[in-house]
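Written out below as C-alpha cells is the structure these notes cover.
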Amino acid sequence: MPCKPVTTSMHGKLCVITGANTGIGKAAAQALASLGAQVVMICRDRAKGERALAEISAAAAASGRGGSAELAIADLSSQAEVRAAALGILAAHPRIDVLVNNAGVALRRRELTVDGIERTFAVNHLAYFMLANLLLPGLRAAERGRIVNVASDAHRRGKLDFDNLQGERSYSNIRMYSESKLENVMFSYALARRLAGSSVTVNSLNPGLVATEIWRQVRILDILGRWFMRSPEQGALTTVYLAASPDVEGVTGEYFVECKVAGTIALSHDVALQEKLWAASVALTGVGAEI
C-alpha cells in the first residue's frame, strides 16, 4: 500500500534537507515547509536553489501553517564545503529536529573530487556520514532528533568490496550507485547502534524508482522514467513520513519501504563490515571517531 501524506503539524521544527532544489529533496522540503517546518535547503547550485526556494516559500505561505525555507549553498563532493555548511547551520540553528540526507549522483564516468575521492562515493555516502556527524550536536539538542537517510532497494545489488570501494580497479555507474546505497543502509544501522538510548533516531528508506535528474547519465533509466517511474512527490512520501510522523517517534535502526519497516540484504547486517566501512569513512573525512 502506498503511503498516505502526513498531516501532523511541524510548526517550530527545524529540518535540514540536502539536494533540496530538485526531485525528492525539493518535494520533501515543500511538504515539510507546508506542514509548518522551518526548512534549511542544502543545494549545490545557487540559481537553481533560489528558484526552488521561491517555490517552496510560496507553498509554505499558502499553507498558512507558519513554515519557511532558507538556502545553504554547498557542493557535497567537497569536504571543506560540507564542513562550512554544517558549521553555518549550527551557528544559525543550535537545535535541529530533522536531518534528511537525500542528495545523490549516478555518474557515467569515474570522476574525482577536489579531495581526490571518487565522486559517487563522496556525495552518496561520505556527505551523509559527515553531515550526520557534524550536525549531531544540533540533533542532540532537539527533544527528539531524527536522521533520515534516503537509500534505495538498489542496495540489494551492492557488494562491499574494500579493494574497489571507489571504483579504483573497475568502474560501473550502476554498480557504484548500488554500492553507495548499500553504504547508506549500513551506515544507518551503525549510527543507530551508536546512538541507541539517546534522543536521536536514525532510519533509512527506499523511495522507489523516481523520475529525477539523477538518472540523466543512466540512459535506459532516463528513458524509462518518462513512462514508468513515480513522481518526486510520490517518492518523497516515505521521507516525509520518517521526518514528521508521530508513528515513528522513537523508532530507530530500521529500513522503510512505503512507510513500513522492510528487510535489507543479509550483507547489510554484517556488523564487522559496518565497522570496517565506518573506520574507512573516519579515515577519509576525519569525523566520526568520537562516537
(request) Please give the per residue accessible area of region 70-213, computed with a probe of 1.4 Å over protein heavy atoms only, in Å². (result) 35 Å²
(request) Provide the per-residue ³J(HN,Hα) series for region 19-31, in order, calculated from phi with Karplus coefficients 6.51, -1.76, 1.60 and θ = phi - 60°, each as a whole number of Hz, with x at glycine and proline positions. (result) x, 8, 9, 7, x, 4, x, 5, 4, 5, 4, 5, 5
(request) For region 79-177, calculate the relative contact order in percent as a whole number, restricting contacts to Cα pairs under 8 Å that are 6 or more residues apart. (result) 40 percent
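Carbon and sulfur: what percent of the chain's accessible surface (1.4 Å probe)?
Details: 6390 of 12190 Å².
Answer for the chain is 52 percent, counting heavy atoms of protein chains only.
Net charge around Arg194, counting only other residues with Cβ within less than 13 Å of its Cβ (Lys, Arg = +1; Asp, Glu = -1)? Intermediate results must be reported in sequence, preceding the final value.
On the way: positive: Arg140, Arg193; negative: Glu275, Glu290.
Charge balance in the 13 Å sphere: 0.
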(request) Match the structure shown to one of the listed values (i) 7, 31, 40, 20, 2, 0; (ii) 7, 26, 27, 19, 13, 7, 2, 0; (iii) 6, 27, 34, 22, 9, 1, 0 of P(r) over Cα pairs in 10 Å bins from 0, in percent, computed from it, and give that label. (result) (i)
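Among all stretches of the chain without exposed GluC sites (Glu not before Pro) (DSSP loop, at most 11 other Cβ atoms within 10 Å), which one is longest? Could you put the intermediate results ahead of the total?
Numbers: sites that count: Glu143, Glu168, Glu249, Glu290.
The segment 1-142 is the longest one with no such site.
Just flag the trypsin sites (Lys or Arg not before Pro) in region 165-198 sitting in loop per DSSP whose Cβ has no more than 10 other Cβ atoms within 10 Å. Intermediate values should be presented prior to the final figure.
Numbers: sites: Arg169, Arg175, Lys181, Arg193, Arg194; in loops: Arg169.
Listed in order of number, the matching sites are Arg169.
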(request) Using the 4.7 Å Cβ rule, please list in number order the cysteines from the chain without any candidate partner. (result) Cys15, Cys43
(message) At 7 Å along Cα-to-Cβ for each site, give me the label-to-label distance between Ala59 and Ala141 in nm.
(response) 2.8 nm
(message) So for region 1-84, averaging the separation of alpha carbon pairs under 8 Å that are six or more residues apart and normalising by length, what relative contact order in percent results?
(response) 29 percent
(request) Take the alpha-carbon centre of region 227-285, take the same for region 150-169, and report the distance between them in whole Å. (result) 15 Å
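Only sites in a loop by DSSP and with at most 14 other Cβ atoms within 10 Å count here; which trypsin sites (Lys or Arg not before Pro) in region 1-108 make the cut? Don't jump to the answer; show the numbers that get you there.
On the way: sites: Lys13, Lys26, Arg44, Arg46, Lys48, Arg51, Arg65, Arg83, Arg95, Arg108; in loops: Lys13, Arg44, Arg65, Arg95, Arg108.
Counting only loop positions with at most 14 other Cβ atoms within 10 Å, the trypsin sites (Lys or Arg not before Pro) in region 1-108 are Arg108.
Given the peptides 279-285, 119-125, arrange them by the average over their residues of other C-beta atoms within 10 Å, most packed first. Please list the in-between numbers first.
Values: 279-285: 17.1, 119-125: 25.1.
Packing order, densest peptide first, comes out as 119-125, 279-285.
The values are calculated or read from the model by the stated rules, or taken from the named source; none is laboratory data. All figures in this text were calculated on a predicted structure; none of them were measured in a lab. Note that we place each Cβ from the backbone using ideal geometry, even for glycine, and neighbour counts take in every protein chain shown. Each accessible area value is taken on the protein alone, full model and side chains, heavy atoms only, with ligands, DNA and RNA left out. Shrake-Rupley method; radii C 1.70, N 1.55, O 1.52, S 1.80 Å.
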